[in-house]
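Trainee: Structure below; questions to follow.
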Amino acid sequence: MFISFNGKLHDENENIFSAKNRAYNYGDGCFDSLVCLNGAPKFFNAHLKRLQTGIETLKINNQYIQLDVLQDLIKQLLTKNNLTNAKVRITISRKDGGLYTPDRNNSDLLIVCRELEQFPFTNLSFEKEVCIVESVQKHHSSFSSFKNCNSLVYVLAGTEIKEKQCDDGILLNGAKNICEALFSNLFFIKENTLFTPLIEEGCIDGVMRKFVMENCPTGYNIKEGKFSIEDLLNAEEVFVTNASQGIVPVKKLKNKTFCFEKTQMLFEKMKFTYYHQ
C-alpha cells in the first residue's frame, strides 16, 4: 500500500518521519477522515471546511488544504493503490522545529487510504450496547469541534468501553451533560423531535451530523441543546452518526432498552438521499 506525504508517493513501510516530528512529540496537528465512492470524496467541501478550521485554529500555514490540490492528491493516491471505494485519512501537522513554541508554521501533509470494507447506510444493526464513560470527559474548547492529533480522551474512553465489554460509550462534558459517542455524534428521539448536543457542549462538528440535520424528514423537528443522562434515558430511541457508517441505532444503555422504528425510517430516508444527491 502506498501513502502520500507532501505530495509525493511512498511505500507505507518507508520511514518518512524524524524523531523531532511535532505530531508525535506534541500532538501538534489535526486530521479528518472521509469516504470515497467511485473515486470521489463524499461531502468533500464539508470535510475541507473542518480541516481549514483546524489549521486556522492551530495557526498552521494553509499550503495544502485547497480544494483542487487536495482532490488531485487523493485521486492520485487512490489510483496508485487501485482503489475506487476507500476510507481516506488526511493529517496536517506542523513541521519539525522548536519545543512547545514552534520555530515555524509550515505544514506536512500525510494522506493514507484503505479499502472501504462497508459502505455507509448498508448495515442497520440493532445490537449496539453503550455505556457512560466515567474515566474522562470531553470539554468544549477552541479545538474540540475538529479532530486533532491529541486523542488521549478517546483512547482512554475506548479502553474503558472495552473493559466494560460494550460496543460504544457516551462521553460527558464538565457539566455532566452528554457530549458525543466514541466515534460519532449523538442523537435521541422523543415524539417528533430529534435532539442533539450543541457544538458548544464539546462535541465534534460532524459531517454526518450536519447531513442528518439538513435532511430531517417533514414532520420532525431538530433541537440542539444541553442534555443530561436522564434526558437520554427518557428518550424513545437513540442513534449515533458518523461519515463511515451513516446512522447506527443504540439498543441498550444502562438498564434501558430502546426501540428503533423511527430510527429505521430515518435510516432509509437518509440512505436514499445519501446515494442520490
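Trainee: From Glu180, Glu224, which residue is charged (D, E, K, R) and closer than 14 Å to Asn242 by Cβ? Let's see the steps before the verdict.
Mentor: Numbers: Glu224 fails: closer than 14 Å to Asn242 by Cβ.
Selected residue: Glu180, the only one of Glu180, Glu224 that is charged (D, E, K, R) and closer than 14 Å to Asn242 by Cβ.
Trainee: Can you find, within region 25-51, the residue that is nearest to the chain's Cα centre (by Cα) among those that are exposed (fewer than 15 other Cβ atoms within 10 Å of the Cβ) and within 29 Å of Thr101 (Cβ to Cβ)? Please lay out each step first, then the result.
Mentor: So in region 25-51, the residues exposed (fewer than 15 other Cβ atoms within 10 Å of the Cβ) come out as 25, 27, 38-40, 45.
From the residues that got through so far, the ones that are within 29 Å of Thr101 (Cβ to Cβ) too are 25, 27.
On the way: Asn25: 23, Gly27: 17 Å.
Top of the filtered list is Gly27.
Trainee: Would you call Asp167 among the charged types (D, E, K, R) and surrounded by 14 or more Cβ atoms within 10 Å (Cβ to Cβ)?
Mentor: Working: among the charged types (D, E, K, R): yes; surrounded by 14 or more Cβ atoms within 10 Å (Cβ to Cβ): yes.
Here the answer is yes, as Asp167 does meet what is asked.
Trainee: Among the strands (runs of 3 or more DSSP E) confined wholly to region 143-227, which include 2 or more residues that are of a type in the set (A, V, I, L, M, F, W, C) and either in contact with a Phe, Trp or Tyr (Cβ under 7 Å, 6 or more places away or on another chain) or on the phi > 0 side of the Ramachandran plot (or both)?
Mentor: Filter on region 143-227 gives 185-190, 193-197.
Trainee: Given the criterion farther than 17 Å from Asn185 by Cβ and either out of contact with any helix residue (DSSP H, G or I) (no Cβ under 9 Å at 6 or more places or on another chain) or not assigned by TED's automatic domain parsing to the domain that holds Ser33 (or both), identify the matching residue among Phe239, Phe267, Phe260. Before you say what the answer is, go through the steps one by one.
Mentor: Numbers: Phe239 fails: farther than 17 Å from Asn185 by Cβ; Phe267 fails: farther than 17 Å from Asn185 by Cβ.
On inspection, the qualifying residue turns out to be Phe260.
Trainee: Follow-up question, since we're still on this one. Are any residues in region 219-234 aliphatic (A, V, I, L, M) and surrounded by fewer than 20 Cβ atoms within 10 Å (Cβ to Cβ), and if so, which ones? Full working, then the answer.
Mentor: If we filter region 219-234 for residues that are aliphatic (A, V, I, L, M), which is where we start, we get 222, 229, 232-233.
Answer for region 219-234, where residues must be aliphatic (A, V, I, L, M) and surrounded by fewer than 20 Cβ atoms within 10 Å (Cβ to Cβ): Ile222, Ile229, Leu233.
Trainee: While we're on this one: Specify the residue that is modelled with the lowest pLDDT; the eligible residues are those in region 107-125 that are surrounded by fewer than 14 Cβ atoms within 10 Å (Cβ to Cβ) and of a type outside the set (D, E, K, R).
Mentor: Start the filter on region 107-125 by keeping residues that are surrounded by fewer than 14 Cβ atoms within 10 Å (Cβ to Cβ), which leaves 114-115, 117-118, 122-123, 125.
Among the residues that remain, those that are also of a type outside the set (D, E, K, R) are: 118, 122-123, 125.
On the way: Gln118: 90, Thr122: 88, Asn123: 80, Ser125: 70.
Top of the filtered list is Ser125.
Trainee: Still on this model: Within the group Asn150, Asn177, Asn85, which residue is touching a Cys at 6+ places or on another chain (Cβ under 8 Å) and surrounded by 14 or more Cβ atoms within 10 Å (Cβ to Cβ)?
Mentor: Numbers: Asn150 fails: touching a Cys at 6+ places or on another chain (Cβ under 8 Å); Asn177 fails: touching a Cys at 6+ places or on another chain (Cβ under 8 Å).
After ruling out the rest, the residue left standing is Asn85.
Trainee: Only one of Thr84, Thr53, Thr91 is out of contact with any strand residue (DSSP E or B) (no Cβ under 8 Å at 6 or more places or on another chain) and in contact (Cβ under 8 Å) with a residue 24 or more places away in the chain; which?
Mentor: Numbers: Thr84 fails: out of contact with any strand residue (DSSP E or B) (no Cβ under 8 Å at 6 or more places or on another chain); Thr91 fails: out of contact with any strand residue (DSSP E or B) (no Cβ under 8 Å at 6 or more places or on another chain).
Going through Thr84, Thr53, Thr91 in turn, just one is out of contact with any strand residue (DSSP E or B) (no Cβ under 8 Å at 6 or more places or on another chain) and in contact (Cβ under 8 Å) with a residue 24 or more places away in the chain: Thr53.
Trainee: Looking for something farther than 17 Å from Ser125 by Cβ, of a type in the set (Phe, Trp, Tyr) and either in contact with a strand residue (DSSP E or B) (Cβ under 9 Å, 6 or more places away or on another chain) or in the same structural domain as Ala175 (by TED's automatic domain parsing) (or both) - is there at least one such residue anywhere in region 222-235?
Mentor: Kept after step one, since they are farther than 17 Å from Ser125 by Cβ, are these residues of region 222-235: 222-235.
Adding the requirement that they be of a type in the set (Phe, Trp, Tyr) leaves 227.
Retained after the next criterion (residues that are either in contact with a strand residue (DSSP E or B) (Cβ under 9 Å, 6 or more places away or on another chain) or in the same structural domain as Ala175 (by TED's automatic domain parsing) (or both)): 227.
So far as region 222-235 goes, yes, one or more of its residues are farther than 17 Å from Ser125 by Cβ, of a type in the set (Phe, Trp, Tyr) and either in contact with a strand residue (DSSP E or B) (Cβ under 9 Å, 6 or more places away or on another chain) or in the same structural domain as Ala175 (by TED's automatic domain parsing) (or both).
Trainee: Within region 126-147, take every residue that is within 21 Å of Ser244 (Cα to Cα) and touching a strand residue (DSSP E or B) at 6+ places or on another chain (Cβ under 7 Å) and give me the one that is surrounded by the most Cβ atoms within 10 Å (Cβ to Cβ).
Mentor: Step one: filter region 126-147 for residues within 21 Å of Ser244 (Cα to Cα), giving 126-130, 144-147.
So of that shortlist, the ones also touching a strand residue (DSSP E or B) at 6+ places or on another chain (Cβ under 7 Å) come out as 126, 128-130, 146-147.
On the way: Phe126: 14, Lys128: 20, Glu129: 15, Val130: 23, Phe146: 21, Lys147: 20.
The selected residue is Val130.
Trainee: Just need a number here: residues in region 99-132 that are free of Cβ contacts under 8 Å to residues at least 40 places away in the same chain and not polar (S, T, N, Q).
Mentor: Of the residues in region 99-132, 5 are free of Cβ contacts under 8 Å to residues at least 40 places away in the same chain and not polar (S, T, N, Q).
The values are calculated or read from the model by the stated rules, or taken from the named source; none is laboratory data. None of these values were measured; they are calculated from a predicted model. For neighbour counting, all protein chains shown are included, and Cβ atoms are generated from backbone atoms with ideal geometry for every residue, glycine included.
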